[in-house]
1. The conditions are (1) of a type in the set (Ser, Thr, Tyr); (2) closer than 18 Å to Trp36 by Cα; (3) at pLDDT below 95, and Ser94 fails exactly one of them. Which is it?
2. Filter the range 97-130 for residues that are farther than 17 Å from Trp36 by Cβ and either among the hydroxyl-bearing types (Ser, Thr, Tyr) or in contact with a Ser or Thr (Cβ under 8 Å, 6 or more places away or on another chain) (or both) and give the result.
3. Gly45 - would you say it is modelled with pLDDT of 90 or more and over 24 Å from Glu111 (Cα atoms)?
4. Scanning for something in contact (Cβ under 8 Å) with a residue 12 or more places away in the chain and under 17 Å from Asn31 (Cβ atoms), does the range 82-92 turn up at least one residue?
5. Does Ala28 fit the bill of being hydrophobic (A, V, I, L, M, F, W, C) and in contact (Cβ under 8 Å) with a residue 12 or more places away in the chain?
6. How many residues, within the range 64-78, are in contact with a Gly (Cβ under 9 Å, 6 or more places away or on another chain) and either in a loop (DSSP other than H, G, I, E, B) or surrounded by fewer than 16 Cβ atoms within 10 Å (Cβ to Cβ) (or both)?
7. Which number in (1) assigned to a helix (DSSP H, G or I); (2) under 12 Å from the mean Cα position of the chain (by Cα); (3) not aliphatic (A, V, I, L, M) marks the one condition that Gly108 misses?
8. Take the residues of the range 83-130 that are of a type in the set (S, T, N, Q) and out of contact with any strand residue (DSSP E or B) (no Cβ under 6 Å at 6 or more places or on another chain): which is surrounded by the most Cβ atoms within 10 Å (Cβ to Cβ)?
Amino acid sequence: MVSSDDRHFDDPTLESDVFARDCHSRSALLNITGRWGTLALAALGEGPYRFGALRRRVDGVSERMLAQTLQQLERDGLVHREVRETIPPNVEYSLTPLGEEIAGRLTGLIELLESHMPDITAAQTRYDAR
């Protein structure tokens, strides 16, 4: 039996609320803001990448984790996967228009963070000294 709460959850016309436990937007937010999602989107903001090149750009990610991350981002409509029929075949990843918009905002956050690393490092040092 479907409860009224389940119908609310599946109604795409209703407003999303990431703070609501069962809202679909929460899983998309987690895919985007997870360590590998953020880095993959920011890297793809630089332009299309083949899988191996993207893996090298996102230093430290395993092949399996990058593949899973890209699948999640593709499912969320942020990444486009194109299989090129070459010999050998290769796959290229790029951002969708929505992915470009989100990557731009993530890149702004990354740039802000990097510009304030001396402040963050100093705060961490002060905290650790307590």
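The values are calculated or read from the model by the stated rules, or taken from the named source; none is laboratory data. Quantities reported herein were computed from a predicted structural model and do not represent experimental measurements. Ideal geometry is used to build each Cβ from the backbone, glycine not excepted, and the neighbour counts take in all protein chains shown.
1. Of everything listed in (1) of a type in the set (Ser, Thr, Tyr); (2) closer than 18 Å to Trp36 by Cα; (3) at pLDDT below 95, Ser94 misses just condition (3).
2. Ser115, Thr121, Thr125, Tyr127
3. For Gly45, the condition - modelled with pLDDT of 90 or more and over 24 Å from Glu111 (Cα atoms) - is not met.
4. Step one: of the range 82-92, the residues in contact (Cβ under 8 Å) with a residue 12 or more places away in the chain are 82, 90-92.
Checking which are under 17 Å from Asn31 (Cβ atoms) leaves us with none.
There is no residue in the range 82-92 that is in contact (Cβ under 8 Å) with a residue 12 or more places away in the chain and under 17 Å from Asn31 (Cβ atoms).
5. Values: hydrophobic (A, V, I, L, M, F, W, C): yes; in contact (Cβ under 8 Å) with a residue 12 or more places away in the chain: yes.
Yes, satisfied.
6. 3
7. Going through the list (1) assigned to a helix (DSSP H, G or I); (2) under 12 Å from the mean Cα position of the chain (by Cα); (3) not aliphatic (A, V, I, L, M), Gly108 breaks only (2).
8. Taking the range 83-130 as the starting set, the residues that turn out to be of a type in the set (S, T, N, Q) are 86, 90, 94, 96, 107, 115, 121, 124-125.
When the remaining residues are screened for being out of contact with any strand residue (DSSP E or B) (no Cβ under 6 Å at 6 or more places or on another chain), the result is 86, 107, 115, 121, 124-125.
Values: Thr86: 7, Thr107: 16, Ser115: 9, Thr121: 10, Gln124: 10, Thr125: 9.
The extreme case among them is Thr107.
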